[in-house]
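Structure first, then comments.
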């Protein structure tokens, strides 16, 4: 296998900094012990596709996967760099570092489904929750209804105004039969299922803990009608957070064919919840 491939240093923008009361807001994040408003992991994931396409080829957009666990938060315009270390022709180790060498996220990428992905291993090792207060009403396995989803050209244009790694397929609809949704927009398309399967008690502050996206034959593109559905696959907790894992699928609304799958872990901060401050 060839040597480690290193991407360019980039300074992603915290595009949600104005969302007061959330983890991306400086005041809220600092009150919870973070350096400042955090950049969403889905934004950092947009730095990897150029490396993945360079290694796996354009087939990655049709059959590829990216599976990452988020280890350290970053703030607005903090320099970060992504790296890829080949494991085989169909799998690679991937990670992101900041200038101090701190690992921001780590995981795996593949061409084809990977049952031994970073997220799969994390879920297999999941420890059942001992005390859930914000997530106490969540039931593992309860399916969501199908939610109509469409990624718009306008949302892609907004993302491209700040994206650190523009690619031709985000603007040229002829490559894959539609403009490919950058990773942050692709992940957002799945999130309509959350309100149906993750009832949360009381005010909360959440942040992403891990995300895996797997393409199942084609990329997610603008202007196409999709249906999203999913269910919770695991619950856990830590000294500082309550944790929920769920898996969701996007299907072509006309053919019913599954197009992509996402598994995501959400962390809810205990220190931000009155259900914990009262204990």
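Just so it is clear, none of the values below were taken in a lab; they were calculated from the coordinates. In this text the structure is predicted, and so the values were computed from the model without any measurement. Cβ atoms come from the backbone with ideal geometry, glycine included; neighbour counts cover every protein chain shown.
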Order these by the 10 Å Cβ neighbour count, fewest first: 247, 171.
171, 247
Report Rg/Rh for the chain, rounded to two decimals, where Rg is the Cα radius of gyration and Rh the Kirkwood radius.
0.95
Report the Cα centroid-to-centroid distance between segment 30-77 and segment 225-265 in angstrom, as an integer.
18
Going fewest to most other Cβ atoms within 10 Å around each Cβ, 4, 263 line up as 4, 263
Sort all Cα-Cα distances of segment 47-161 into consecutive 10 angstrom bins from zero, then give the percent of pairs in each bin up to the one containing the longest distance.
11, 28, 35, 24, 2
Ordered by fewest other Cβ atoms within 10 Å, a rough proxy for footprinting exposure, 246, 204 read 204, 246
Once you have the Cα-Cα distance between residue 171 and residue 90, take 0.36 nm times their residue separation minus that, and quote the gain in nm to one decimal.
26.5 nm
Restricting to DSSP H runs of at least four residues, report the calculated mean residue ellipticity at 222 nm for the chain, -39500 (n - 2.57) per run over all residues, nearest 500 deg cm²/dmol.
-4000 deg cm²/dmol
Once the Cβ-Cβ distance between residue 258 and residue 162 is put in as r, and R0 is 25 Å, what FRET efficiency do you end up with, to the nearest 0.05?
0.25
Put a dot 7 Å past each Cα toward the Cβ at residue 154 and residue 18; how far apart are the dots in nm?
1.5
